[in-house]
1. Does GLU187 count as over 22 Å from GLU15 (Cβ atoms) and charged (D, E, K, R)?
2. Taking the stretch 176-189 as the search range and keeping residues that are open to solvent by 70 Å² or more (accessible area, probe 1.4 Å) and within 23 Å of TYR30 (Cβ to Cβ), which one is nearest to the ligand (Cβ to nearest atom)?
3. Do we find that VAL243 is loosely packed, with under 13 Cβ neighbours inside 10 Å, farther than 21 Å from ALA185 by Cα and more than 16 Å from the ligand (Cβ to nearest atom) in this structure?
4. Residues to consider are LEU224, LEU219; find the one that is closer than 18 Å to ARG188 by Cα, open to solvent by less than 70 Å² (accessible area, probe 1.4 Å) and not in a helix (DSSP H, G or I).
5. Would you confirm whether or not the stretch 85-101 contains a residue that is of a type in the set (D, E, K, R), away from the ligand (no atom under 14 Å from the Cβ) and assigned to a loop (DSSP other than H, G, I, E, B)?
6. May I ask you to say which residue of ARG197, ARG173 is among the charged types (D, E, K, R), touching a helix residue (DSSP H, G or I) at 6+ places or on another chain (Cβ under 7 Å) and exposed (fewer than 13 other Cβ atoms within 10 Å of the Cβ)?
7. Taking PRO171 as the residue in question, decide whether it is within 12 Å of the ligand (Cβ to nearest atom) and either at pLDDT below 95 or not in a helix (DSSP H, G or I) (or both).
Amino acid sequence: TRREGFSSIPNIKWEDVGGLDSLRKEFNCYIIQRIKHPEDYEELGMDKEVGFMLYGPPGCGKTLIAMAVANEAGANFIHIKGPEILKKYVGESEQEVRKIFSRARTCSPCIIFFDEVDGLTSERGREGAGVVERVVNQLLTELDGADQRHGVYVIGATNRLDVIDHALLRPGRFGRVVYVPLPSADERGLILKALARKRPVSPDFDFNAFASREACKNLTGADLAALVSEAAMTCKQEKEKHVDQGISYDEPLVIKTSHFEK
Ligand code: ATP
């Protein structure tokens, strides 16, 4: 189990993420290859780590892909939720930001994932405005500390890009702003395949046909994950029903199309 704010290499693999092809390519080029072959980048005079800001509707894979990037790069991963940095006492929040970056430096290469960055806005009312401003300033200080940041990458995520302090989005900070949209029908098929990777699914289950159904329109990756879990549960219940009725059930448990119909 992962503890909030502590570092470890996540066990989410590239294959666990469905779709998001162009984002994968960007992460590969800006973070993964750079961690694996730093010398190539130094040769080109690229001496500053690039940061990303992912925005878009909830449940579409922002957290998942950030974890997969760390796994693929063999980097540590620190998961921080924006609002959790905001502490009660004066100075504590800034100290928290310093601690996060210093922890990341000691276990570099490391990716710091800042979820809910929109929680760090002065829109939270006048009372919180002072602390938010100080936290954002401390963040900027850490992000701009070029030589100290060696091997520390930042990925931010938000559902509300519009409320984020623009200073955070400048190059060298969370500079590459990427929209992570609702998946298309094709992408829903790829997400379903990724979600089914470790489950016993009937070989005749047609992922693409299922994902193209009208009823699947507008579903997020998180919705699809819930559907697959439901189908697995239905599969289990089917076996139990047989057993309850005294009918022997020798078949292996396999998730079938019919389990998705419930
Ligand atoms: P939030 O804005 O709420 O933090 P998010 O975009 O970070 O949302 P995730 O936490 O990455 O969303 O996704 C939630 C869950 O939905 C994942 O753990 C996974 O099970 C499933 N999921 C979402 N997108 C994908 C995807 N592209 N491929 C595979 N699974 C996905």
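The values are calculated or read from the model by the stated rules, or taken from the named source; none is laboratory data. Since we're looking at a predicted model, the values are computed, not measured. When we count neighbours, we look across all protein chains shown, and the Cβ atoms used for this are built from the backbone with ideal geometry, even at glycine. These accessible areas exclude ligands, DNA and RNA; they are computed on the full protein's heavy atoms, side chains included. Shrake-Rupley method; radii C 1.70, N 1.55, O 1.52, S 1.80 Å.
1. Details: over 22 Å from GLU15 (Cβ atoms): no; charged (D, E, K, R): yes.
No; evaluated as a whole, the condition is false for this residue.
2. Here the residue is TYR179.
3. Answer is yes for this residue.
4. Details: LEU224 fails: not in a helix (DSSP H, G or I).
Result: LEU219 is the single residue among LEU224, LEU219 that is closer than 18 Å to ARG188 by Cα, open to solvent by less than 70 Å² (accessible area, probe 1.4 Å) and not in a helix (DSSP H, G or I).
5. Restricting attention to the stretch 85-101, the residues satisfying the condition of being of a type in the set (D, E, K, R) are 87-88, 92, 94, 96, 98-99.
Subsequent filtering for residues that are away from the ligand (no atom under 14 Å from the Cβ) retains 87-88, 92, 94, 96, 98-99.
If we keep only those that are assigned to a loop (DSSP other than H, G, I, E, B) as well, we get 87-88.
Yes, the stretch 85-101 contains at least one residue that is of a type in the set (D, E, K, R), away from the ligand (no atom under 14 Å from the Cβ) and assigned to a loop (DSSP other than H, G, I, E, B).
6. ARG197
7. Details: within 12 Å of the ligand (Cβ to nearest atom): no; either at pLDDT below 95 or not in a helix (DSSP H, G or I) (or both): yes.
Considered against the rule, which asks whether it is within 12 Å of the ligand (Cβ to nearest atom) and either at pLDDT below 95 or not in a helix (DSSP H, G or I) (or both), PRO171 comes out as no.
Here is a yes/no grid of residues against (1) in contact (Cβ under 8 Å) with a residue 60 or more places away in the chain; (2) under 27 Å from ASP186 (Cα atoms):
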position: LYS13; (1), (2): no, yes
position: ASP16; (1), (2): yes, yes
position: ARG24; (1), (2): no, yes
position: LYS48; (1), (2): yes, no
position: ASN71; (1), (2): yes, yes
position: TYR89; (1), (2): no, no
position: GLU94; (1), (2): no, no
